[in-house]
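Peer 1: Shown below is the structure under consideration.
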Amino acid sequence: MENRRPLIAGNWKMFKTSPEAVETARQLVKLVAMTTDIDVMIAPPFTALAQVSDVVRGSCVSLGAQNLFWEAQGAFTGAISPAMLVSVGCKYVIIGHSERRQYFNETDETVNKRIKAAFDNDLIPVMCVGESEKERESKNTFSVLDKQLKKGLEDFSADNLKRLVIAYEPVWAIGTGKTATSEQAQEVHRFLRSVLEKSFGNTLAKSIRILYGGSVKPNNIAELMAMPDVDGALVGGASLDPETFSKIVHFKE
Ligand code: PGA
């Protein structure tokens, strides 16, 4: 792994009320207090961001949001702007998660707008890509990912994308207990990096962190992290319990 600093990110999805989120974050901050060589991020629901922000301030845990809307402000009932996320202390934002694509009709085009809005507001986008089971079975994995990556990053230059994080999340592995093998993950991560290289050059491709997501657990993280192109993990279910998530953060021990 070149000089890419590992990132272990927790996506809490639609779990935890604000008091529950605060308690989980409190425990997590204690459990990972000694972490220095890895970036750690948690993405609680919007309603808990402000309170969790107070808990993680000054710790090694950064705050992320699970989505944003690209407009700066306006009559967009129910939407959350990038500046709102910044104002509660978010550093990262997850964009284009497969659940957003599946249940909320998000597309590569809207992913592109969201990534632009994130960069314009100094948020680090964690852009999610991944193929469905059907697409894998019909041997379309690479073409699907190629399209998601190229369309999602259309009209950006290498200069814009320096802080981009990509998360490869095969849809068939999310919440199913089926993890991609570390070899399958490596194969795809290498492919994604080659697409980045062709579009944006070698320097950028080498510097971008590519996380793996989909049923990451304490017992499979080390194997995944041993792969040269796997630079971290986006963890769903196993990030909800602070003990379990801290074991993933401490995968080297
Ligand atoms: P999972 O979710 O770890 O529960 O499979 C991963 C994700 O959707 O980010």
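The values are calculated or read from the model by the stated rules, or taken from the named source; none is laboratory data. Here the structure is a predicted model, which means the values were calculated and not measured. Don't worry about glycine lacking a Cβ; one is built from the backbone with ideal geometry, like all the others, and counts go over all protein chains shown. With ligands, DNA and RNA removed, areas are computed over all heavy atoms of the protein, side chains included. Shrake-Rupley method; radii C 1.70, N 1.55, O 1.52, S 1.80 Å.
Peer 1: Quick test for you: out of 164, 196, pick the one residue that is under 15 Å from the mean Cα position of the chain (by Cα) and buried (at least 21 other Cβ atoms within 10 Å of the Cβ).
Peer 2: Values: 196 fails: under 15 Å from the mean Cα position of the chain (by Cα).
Within the list 164, 196, the selection yields 164.
Peer 1: Run down 152, 175 and say which single residue is buried (at least 20 other Cβ atoms within 10 Å of the Cβ) and closer than 20 Å to residue 95 by Cβ. Break it down into steps so the answer makes sense when it comes.
Peer 2: Numbers: 175 fails: buried (at least 20 other Cβ atoms within 10 Å of the Cβ).
Of the residues listed, the single one that is buried (at least 20 other Cβ atoms within 10 Å of the Cβ) and closer than 20 Å to residue 95 by Cβ is 152.
Peer 1: Search segment 209-231 for residues being in a loop (DSSP other than H, G, I, E, B), of a type outside the set (Val, Ile, Thr) and away from the ligand (no atom under 11 Å from the Cβ), and hand back the single one that is least open to solvent (accessible area, probe 1.4 Å).
Peer 2: Residues of segment 209-231 in a loop (DSSP other than H, G, I, E, B): 214-220, 226-231.
Those still in the list that are of a type outside the set (Val, Ile, Thr) too: 214-215, 217-220, 226-229, 231.
So of that shortlist, the ones also away from the ligand (no atom under 11 Å from the Cβ) come out as 218-219, 226-229, 231.
Details: 218: 51, 219: 130, 226: 76, 227: 36, 228: 59, 229: 17, 231: 0 Å².
Residue satisfying both the conditions and the ranking: 231.
Peer 1: Identify the single condition in (1) assigned to a helix (DSSP H, G or I); (2) at positive phi that residue 145 does not satisfy, given that it satisfies every other one.
Peer 2: (2)
Peer 1: Still on this structure: Output yes when any residue across segment 188-206 is part of a loop (DSSP other than H, G, I, E, B) and closer than 14 Å to residue 166 by Cα, and no when none is. Outline the logic, then answer.
Peer 2: Keep residues of segment 188-206 that are part of a loop (DSSP other than H, G, I, E, B), which gives 201.
With the extra rule that they be closer than 14 Å to residue 166 by Cα, the set shrinks to none.
For segment 188-206, residues part of a loop (DSSP other than H, G, I, E, B) and closer than 14 Å to residue 166 by Cα: absent.
Peer 1: Same structure, new question: Checking the structure you have, find out if any residue of segment 105-113 is within 16 Å of the ligand (Cβ to nearest atom) and touching a strand residue (DSSP E or B) at 6+ places or on another chain (Cβ under 8 Å).
Peer 2: yes
Peer 1: Among 153, 192, 234, which is in contact (Cβ under 8 Å) with a residue 60 or more places away in the chain and away from the ligand (no atom under 16 Å from the Cβ)?
Peer 2: Working: 153 fails: in contact (Cβ under 8 Å) with a residue 60 or more places away in the chain; 234 fails: away from the ligand (no atom under 16 Å from the Cβ).
Matching residue, one of 153, 192, 234: 192.
Peer 1: Hey, among the residues in segment 1-27 that are under 26 Å from residue 205 (Cα atoms) and of a type in the set (Lys, Arg), which one's surrounded by the most Cβ atoms within 10 Å (Cβ to Cβ)?
Peer 2: At the first step, the residues of segment 1-27 found to be under 26 Å from residue 205 (Cα atoms) are 1-11.
Then keep just the ones that are of a type in the set (Lys, Arg); that gives 4-5.
Values: 4: 16, 5: 11.
Top of the filtered list is 4.
Peer 1: Just to verify a result, which residue in segment 156-189, among those that are out of contact with any strand residue (DSSP E or B) (no Cβ under 9 Å at 6 or more places or on another chain) and among the basic types (Lys, Arg), is nearest to the ligand (Cβ to nearest atom)?
Peer 2: Step by step, filter segment 156-189, then rank; the result is 178.
Peer 1: For residue 206, are the conditions met, namely being basic (Lys, Arg) and either away from the ligand (no atom under 15 Å from the Cβ) or touching a residue at least 60 places away in the same chain (Cβ under 8 Å) (or both)? Reasoning before the result, please.
Peer 2: Numbers: basic (Lys, Arg): yes; either away from the ligand (no atom under 15 Å from the Cβ) or touching a residue at least 60 places away in the same chain (Cβ under 8 Å) (or both): yes.
In short, yes.
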